[in-house]
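The values are calculated or read from the model by the stated rules, or taken from the named source; none is laboratory data. Bear in mind the structure is a predicted one, so any value in this text is a computation, not a measurement. Because the Cβ atoms are built from the backbone with ideal geometry, glycine has one as well, and the counts that use them run over all protein chains shown. With ligands, DNA and RNA removed, areas are computed over all heavy atoms of the protein, side chains included. Shrake-Rupley method; radii C 1.70, N 1.55, O 1.52, S 1.80 Å.
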Amino acid sequence: MSDKGYITTAWLVLSLALLFGAALAGVEMLVADRIAANKLQETLSQVSVLVPGADEGKAYELEGQVFYQALAGGERIGWVIPAAATGFADKVEILIGVDAEVSTITGLYVLAQKETPGLGDRIREDAWRAQFKGKSTDSPIAVTKVAKPGPFEIRAVTGATISSKTVANLVNATIASVREPLQSAGE
Amino acid sequence: MHYFIELILIGITAALIKNFVLYYFVGICPFLGVSRKIDTAFGMGMAVTFVITIASFLSWTFTTFILRPGAPFTAWIWGMINPGSEVVVDLSILSYIIYIFVIASSVQFVEMYVRKFFPPLYKQFGVFLPLITTNCAILFACLEIMKHVSGVPDATRWGLPEALVLAIGGGLGFTIAISIMAGIREELDMCDVPEALKGPGIALLVAGILALAFMGFTGVDRGLASLFS
Amino acid sequence: MATDGPTPLERFISGILPENPVYRQLLGMCPTLAVTNGMQAAMTMAGATTFVLVMANLITSLIRNLLKPHLRILVFTLTIATFVTIADRFLAAYLYQMSKQLGPYIPLIIVNCIIISRCEICASKQGPFTAIADALGMGLGFTVALASIATIREVLGSGTWFGLRVLPEMWPDWVLMVLPPGAFLTLGLLLGTVNWLSSIKARKAKG
C-alpha cells in the first residue's frame, strides 16, 4: 500500500465523521422538542387526575425544587409534588397530589418503580393508590395489615409490606418537609 | 446519611445486589466464554475491573465537563463564540459515540502500558484486553454514571468518588460472578451432562441458579442504610 | 466469499435459522436475556437492533473498497454508535414509555456483537444489496430468537402476551420467569432444545 491509500482513508474517516455529525444534528433538531415535551407531559398529564377539578398544570420552582401547580380556570386549587425514595428493589418515584392548603391528599401516582413483579409492583394498582385519596395530612399515615384501616392508616399490599411502607413513609416525609414552604407560597 | 456510608452502599449495590452479570445481564459473552478455568476467569475479571475503572473516570470527566446540559467547559467555549448568549448547550447526543471511543482507547492504552511496564502481568491477562472493548459491562458502567450526572439537579449529581466506587464495585461483582461460575464449571466437567445441554446450555442454567442466589441480596442496601442512619 | 459469494437470498435465509445469531452463534446475549420479560420490550429491541444492523451493513458495504484494515473497526464503531444514537432519540420521541423501560439497553446495542461481526464477516466483503439482505436475515433471526424467549417468559410469568391476557385469571403468575433467573433458565433450556432437535435431524439424515 502506498501513501495514497492512507490519504484516501483519512479523507474517508473525516467525511464520514462530518456526515454522521450532520445526521445527528438533524435528528436532534427534529426530535429534541418532542423528547422534552414527553418528559414534561408525563407529569403534567397526571395533574388533572391527582388534583380533581384541575384543568392545567404548571411547573413552579421553589428553593431549587420543582413542584407543579394545579390550576382550575387560572386559579390554584392544589399542588402536585414529585418525590422519590428507595423501595424494596430500587428507586420508587411518585407524584403526590394535595389541595392548595396542603391539608388533604387528593391523589397518588407511581411514576417509576422496579419492585418485585406481582408483589411490590402492585403499589401501581388503582385500588391501592386510591387509599391515599382524601387522607388528611394532620397526622402521618401508618401502614397496617388489618382489613379495615383507620383514618390515618392504609392497608399494605399483601406480601409487600416494605414497598407499601416505602410509599407511605415517602408521602409522610415529603408532606412534612414541603407543607410550610408551599403554604406560604400560596400567599 | 454519612457520605462515606453512601459510597459503601453504592459499591455493595453494584457488586452484589445488582450484580452486573446476574441482574443487569451485561458482560454475558465473557461470562459464558471465559469461565472454564478459575485462573483465566479471575484474570478476565481483574482486567475488566481495571479497564472499567479507567473508562469510568474518563467518561465521568467528559460527561461532567463537556457533555451534560450546562457543562462548564462547553459553556465556556460557547461563551467565547457567542458572548452574552443565554442558550444552555447540550451535547449529550454525542455521549454514546464519545463513550465507545473512550473505552476503545483506554483498552488500547492499558494494553500498551501493561505490555511495556508489567510484562508478567501482561502474560497473565493481556490476551483478554482486546476482547474487553466489546464487553457491554464497561459501556454499561459509563451509562449508569451518565444517568447520575447528566440532566440531574446539582444536589444529587454524582462526583468522581461515586463514579469510581460504582466502577470498582461493578468490576469486582463481575469478577465474583465469573469466578464462581468457573468454579462450578470445573466441577461440571466431571458430570454427566445431557448431550444437548453441554457447553453454553448448562452454563446458562447454572447462571440462572446463581442469579436466584444473588436475589437473596435484595434489600441488604436498605437494611444497611437504616442501620447506619 | 470474495467475488462469487452467496446470493442475497441465500444470505437472507441463512440468518434466520441455519446461522441464527442467538441460538447458533451465541451472539448478542445481553439484550436476549435483559429485555425478554415482555413481548413489547423485546420487539422494540429487535426492531431497533435490526435498523442499526441494516444501516451499519449498508454503509460498511458502500465504503468497503476504501477501507484500510487497521481503521476498519474504528469506522464500524463510529457508524454503529451514530445509528444507535439516532434510534435512541427516535424512541425517546415517539415511544417514550418504551424507551424509559429499555433504559441503558438501547445504547448497549453499540456493543452488540451481532452487528460488528456482520460488518466484519459479510458487509466488508459484499455488495450493498447482499449486505442488506444479510442484515435483514440476521435481524429477523434475532427477532425470532427474542420472540421465542419473550413469549415463554411473558406467558408463564404474567399470563399475558403483548400485554393481552392469554391465560385464565386463576393462573398464578410464575413471577420467577419475569425476574433475572427466569431469563437464564429459559434461554438455557431453549438452547438445549434447539441442540436436541438438530441432533435428531442430523441422525435422521445419516440414516
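Mind listing just one residue for me: the one in the stretch B:66-100 that is part of a helix (DSSP H, G or I) and open to solvent by 60 Å² or more (accessible area, probe 1.4 Å) and, of those, nearest to residue C:79 (Cα to Cα)?
So the first thing to find is which residues in the stretch B:66-100 are part of a helix (DSSP H, G or I), and the list is B:66-67, B:72-81, B:92-100.
Still in the list and also open to solvent by 60 Å² or more (accessible area, probe 1.4 Å): B:72-73, B:76-78, B:80-81, B:94.
Details: B:72: 29, B:73: 27, B:76: 30, B:77: 27, B:78: 27, B:80: 31, B:81: 30, B:94: 13 Å.
If we take residues in the stretch B:66-100 being part of a helix (DSSP H, G or I) and open to solvent by 60 Å² or more (accessible area, probe 1.4 Å), then B:94 is nearest to residue C:79 (Cα to Cα).
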Reported set for the stretch C:88-114 where residues are open to solvent by less than 10 Å² (accessible area, probe 1.4 Å) and within 12 Å of chain A (Cβ to nearest Cβ) is C:93
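I'm checking my understanding of the structure. Among residues of the stretch C:121-168 that are of a type in the set (D, E, K, R) and touching a helix residue (DSSP H, G or I) at 6+ places or on another chain (Cβ under 6 Å), which one is nearest to residue C:52 (Cα to Cα)? So that I can check it myself, show each step before the final result.
First pass over the stretch C:121-168, keeping only residues of a type in the set (D, E, K, R): C:125, C:134, C:153-154, C:165.
Filter once more, keeping what is touching a helix residue (DSSP H, G or I) at 6+ places or on another chain (Cβ under 6 Å): C:134, C:153-154.
Numbers: C:134: 13, C:153: 26, C:154: 26 Å.
Going through the qualifying residues, I end up with C:134.
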Counted residues in the stretch A:65-84 being surrounded by fewer than 17 Cβ atoms within 10 Å (Cβ to Cβ) and among the hydrophobic types (A, V, I, L, M, F, W, C) come to 3
When residue C:122 is run through (1) open to solvent by less than 10 Å² (accessible area, probe 1.4 Å); (2) modelled with pLDDT of 90 or more, the failure sits at (2)
Reported set for the stretch C:16-43 where residues are in a helix (DSSP H, G or I) and among the hydrophobic types (A, V, I, L, M, F, W, C) is C:16, C:29, C:30, C:33, C:34, C:39, C:41, C:42, C:43
Log entry, pairs with first residue in the stretch A:165-187 being more than 11 Å from residue A:79 (Cα to Cα), second being assigned to a helix (DSSP H, G or I), beta carbons closer than 8 Å, six or more apart or on different chains, reads A:167/A:123; A:171/A:132
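Return the only residue of C:136, C:102 being assigned to a helix (DSSP H, G or I) and over 25 Å from residue C:67 (Cα atoms). Give the steps one after another, and end with the answer.
Working: C:136 fails: over 25 Å from residue C:67 (Cα atoms).
One residue alone meets the criteria, C:102.
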When every residue in the stretch A:77-124 that is part of a loop (DSSP other than H, G, I, E, B) and under 19 Å from residue A:138 (Cα atoms) is compared, the one nearest to the other protein chains (Cβ to nearest Cβ) is A:102
Before we move on, is residue C:118 within 21 Å of residue A:10 (Cα to Cα) and in a helix (DSSP H, G or I)? no
Counted residues in the stretch A:26-64 being surrounded by fewer than 12 Cβ atoms within 10 Å (Cβ to Cβ) and out of contact with any strand residue (DSSP E or B) (no Cβ under 9 Å at 6 or more places or on another chain) come to 5
Those residues of the stretch B:201-229 that are open to solvent by less than 40 Å² (accessible area, probe 1.4 Å) and either under 18 Å from residue C:199 (Cβ atoms) or within 11 Å of chain C (Cβ to nearest Cβ) (or both) come to a total of 11
Considering residues that are at the interface with chain A (Cβ under 7 Å from one of its Cβ atoms), under 14 Å from residue B:96 (Cα atoms) and either open to solvent by 10 Å² or more (accessible area, probe 1.4 Å) or within 18 Å of the chain's Cα centre (by Cα) (or both), the number found within the stretch C:66-87 is 3
By residue number, the members of the stretch B:84-98 that are touching a Gly at 6+ places or on another chain (Cβ under 8 Å), more than 14 Å from chain C (Cβ to nearest Cβ) and of a type outside the set (A, V, I, L, M, F, W, C) are B:85
*asked:* Any residue that is within 14 Å of chain C (Cβ to nearest Cβ), aromatic (Phe, Trp, Tyr) and open to solvent by less than 60 Å² (accessible area, probe 1.4 Å) - is there at least one of those in the stretch B:171-187?
replied: yes
Per the filter on the stretch C:86-99, residues out of contact with any Leu (no Cβ under 6 Å at 6 or more places or on another chain) and not in a loop (DSSP other than H, G, I, E, B) are C:86, C:87, C:88, C:89, C:90, C:91, C:92, C:93, C:94, C:96, C:97, C:98
### Message
Any residue that is closer than 27 Å to residue A:71 by Cβ, of a type outside the set (A, V, I, L, M) and either free of Cβ contacts under 8 Å to residues at least 24 places away in the same chain or crowded, with 17+ Cβ neighbours inside 10 Å (or both) - is there at least one of those in the stretch A:136-157?
### Response
yes
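Run down B:81, B:28, B:38 and say which single residue is within 13 Å of another protein chain (Cβ to nearest Cβ) and either touching a Ser or Thr at 6+ places or on another chain (Cβ under 9 Å) or hydrophobic (A, V, I, L, M, F, W, C) (or both). Full working, then the answer.
Working: B:81 fails: within 13 Å of another protein chain (Cβ to nearest Cβ); B:38 fails: within 13 Å of another protein chain (Cβ to nearest Cβ).
That would be B:28, the only listed residue that is within 13 Å of another protein chain (Cβ to nearest Cβ) and either touching a Ser or Thr at 6+ places or on another chain (Cβ under 9 Å) or hydrophobic (A, V, I, L, M, F, W, C) (or both).
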Among residues of the stretch C:141-167 being touching a residue at least 12 places away in the same chain (Cβ under 8 Å) and part of a loop (DSSP other than H, G, I, E, B), the residue nearest to the other protein chains (Cβ to nearest Cβ) is C:159
All conditions in (1) touching a Phe, Trp or Tyr at 6+ places or on another chain (Cβ under 6 Å); (2) surrounded by fewer than 16 Cβ atoms within 10 Å (Cβ to Cβ) are true of residue B:19 except (2)
Of (1) within 24 Å of residue B:139 (Cα to Cα); (2) more than 14 Å from chain B (Cβ to nearest Cβ); (3) at pLDDT 85 or above, residue C:137 satisfies every one except (1)
For the stretch B:145-152, indicate whether the set of residues that are without any contact (Cβ under 8 Å) to a residue 40 or more places away in the chain, open to solvent by 10 Å² or more (accessible area, probe 1.4 Å), closer than 18 Å to residue B:60 by Cα and out of contact with any Asp or Glu (no Cβ under 9 Å at 6 or more places or on another chain) is non-empty.
-> yes
Picking from B:160, B:121, B:166, the residue that is surrounded by fewer than 21 Cβ atoms within 10 Å (Cβ to Cβ) and either within 14 Å of chain C (Cβ to nearest Cβ) or modelled with pLDDT under 90 (or both) would be B:121
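So which residues in the stretch C:184-207 are open to solvent by less than 50 Å² (accessible area, probe 1.4 Å) and at the interface with chain B (Cβ under 7 Å from one of its Cβ atoms)?
Applying the first criterion (open to solvent by less than 50 Å² (accessible area, probe 1.4 Å)) to the stretch C:184-207 yields C:184-188, C:190-192, C:194-195, C:198-199.
Once the filter is applied, which keeps residues that are open to solvent by less than 50 Å² (accessible area, probe 1.4 Å) and at the interface with chain B (Cβ under 7 Å from one of its Cβ atoms), the stretch C:184-207 yields C:184, C:185, C:187, C:188, C:191, C:192, C:195, C:199.
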